[in-house]
Amino acid sequence: MNILAIGAHPDDLEILCGGTLAKYAKQGHKVFMAHLTSGNMGGKDISSEELAKIRDGEAKKAGEIIGAEVLGPVCEDLGVLFTPEMRSRVTDIIRQAKPDLIITHSPNDYMTDHIITSQLVFDCAFSATLPHYKTSLPAYEKITPIYYMDTLLGHKFHPEIYIDITDFFETKKAMLACHESQYKWLKGHHITDPFYMIETVARFRGLQAGVMYAEAFAPEKVWGRVAPFNLLPS
Ligand SMILES: [Zn+2]
C-alpha cells in the first residue's frame, strides 16, 4: 500500500504515529511523511528563516530512518488556513502520493494548525478525486479512507484502534531525536520533555491495549470513506 501521513509541523508525525509508520515501512509499504508548515515559529533564539532550513533537514533525516519519502512544507507556521490556495496545495500532496490510506490529525487537537490540517485533509481527500478540480497534478480518483491519530497527550481523543509499536518504539525515539531544534523549545515554551511525553503516552496506550507500547487511532466514518477491513498494520 501507499501510506500518506500528513501532519501540520515537521515533528508531529514522529510524536503521534512514528511507531506505526516505522511498522508499515518494515512490512514493505511505501510511506510518505508530509508536513504542511515549515516549522519556522518553533523557537526564539534563531531567525525564523534559519529555523525553517534546519527543520527541513531534521524532517528529511527522520524520514530517512524508515525510508519514507518526505513531502512539504507548503506554508509557514500559522499558515494552515482553509483557503483555496491551501486546498490546492494539500490536494497536490494527495495526488502525488496516491495513497491507499491517509493518517492525519484528529479534528480535536490542541492548536489551529493541527485542527485545520485535519479539516483540509478531510476536504482534499475528496477534492483530489475530482477531474474537474484543476491543480498542478491530475486527479487521483480513489476516495481514500482517513485514520485520525491520537491528539497531543490524548486530550479529547477516543481511540478505536491500537497499534502495537513495542518493536518500533526505539525507532520512533530515533526519529524524534532528529528534531534536535525542538528539544529546548518544547521544554521551555511547552514545559514538556518530548521523549518523556512520547514514552508516557505510548505506555498509557499500551496499557489500554495490553502491550508494552502502542499508538492510538480512530477511523473517519462517513459515507464513502469507510473501508470494510482494517487498513492499519497488525
Ligand atoms: Zn504540531
Is segment 209-216 home to any residue that is aliphatic (A, V, I, L, M), modelled with pLDDT under 95 and part of a loop (DSSP other than H, G, I, E, B)?
-> no
In segment 40-67, residues that are in contact with a helix residue (DSSP H, G or I) (Cβ under 7 Å, 6 or more places away or on another chain) and in contact (Cβ under 8 Å) with a residue 60 or more places away in the chain total 9
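In this structure, does Thr37 turn out to be in contact (Cβ under 8 Å) with a residue 24 or more places away in the chain, among the β-branched types (Val, Ile, Thr) and within 16 Å of the ligand (Cβ to nearest atom)? Break it down into steps so the answer makes sense when it comes.
Values: in contact (Cβ under 8 Å) with a residue 24 or more places away in the chain: yes; among the β-branched types (Val, Ile, Thr): yes; within 16 Å of the ligand (Cβ to nearest atom): yes.
Taking the combined requirement at face value, the residue satisfies it.
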Residue match in segment 33-54 (condition: within 17 Å of the chain's Cα centre (by Cα) and assigned to a helix (DSSP H, G or I)) = no
Could you tell me which of the residues Leu137, Leu153, Leu120 is within 16 Å of the ligand (Cβ to nearest atom), of a type in the set (A, V, I, L, M, F, W, C) and more than 15 Å from Glu220 (Cβ to Cβ)?
-> Leu153
Looking only at segment 94-117, count how many residues are part of a loop (DSSP other than H, G, I, E, B) and either away from the ligand (no atom under 12 Å from the Cβ) or of a type outside the set (A, V, I, L, M, F, W, C) (or both).
-> 9
Filter segment 1-51 down to residues that are surrounded by 24 or more Cβ atoms within 10 Å (Cβ to Cβ), farther than 23 Å from Phe169 by Cβ and of a type outside the set (A, V, I, L, M, F, W, C), then give me how many there are.
-> 5
Expected output for segment 93-116 (first residue aromatic (Phe, Trp, Tyr), partner near the ligand (Cβ under 10 Å from one of its atoms), Cβ below 6 Å, 6+ apart or cross-chain) is Tyr110/Leu152
When segment 5-30 is examined, which residues are found to be closer than 17 Å to Ala177 by Cα and polar (S, T, N, Q)?
-> Thr20
Looking at (1) more than 16 Å from the ligand (Cβ to nearest atom); (2) surrounded by fewer than 18 Cβ atoms within 10 Å (Cβ to Cβ); (3) more than 30 Å from Phe204 (Cα to Cα), can you tell me which one Glu69 breaks?
-> (3)
Unique residue being within 13 Å of the ligand (Cβ to nearest atom) and small (Gly, Ala, Ser) when the list is Gly42, Gly63 = Gly42
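The values are calculated or read from the model by the stated rules, or taken from the named source; none is laboratory data. Keep in mind it's a predicted model, so treat the numbers as computed, not measured. Cβ coordinates were reconstructed from backbone atoms using ideal geometry, including for glycine residues, and neighbour counts include every protein chain displayed.
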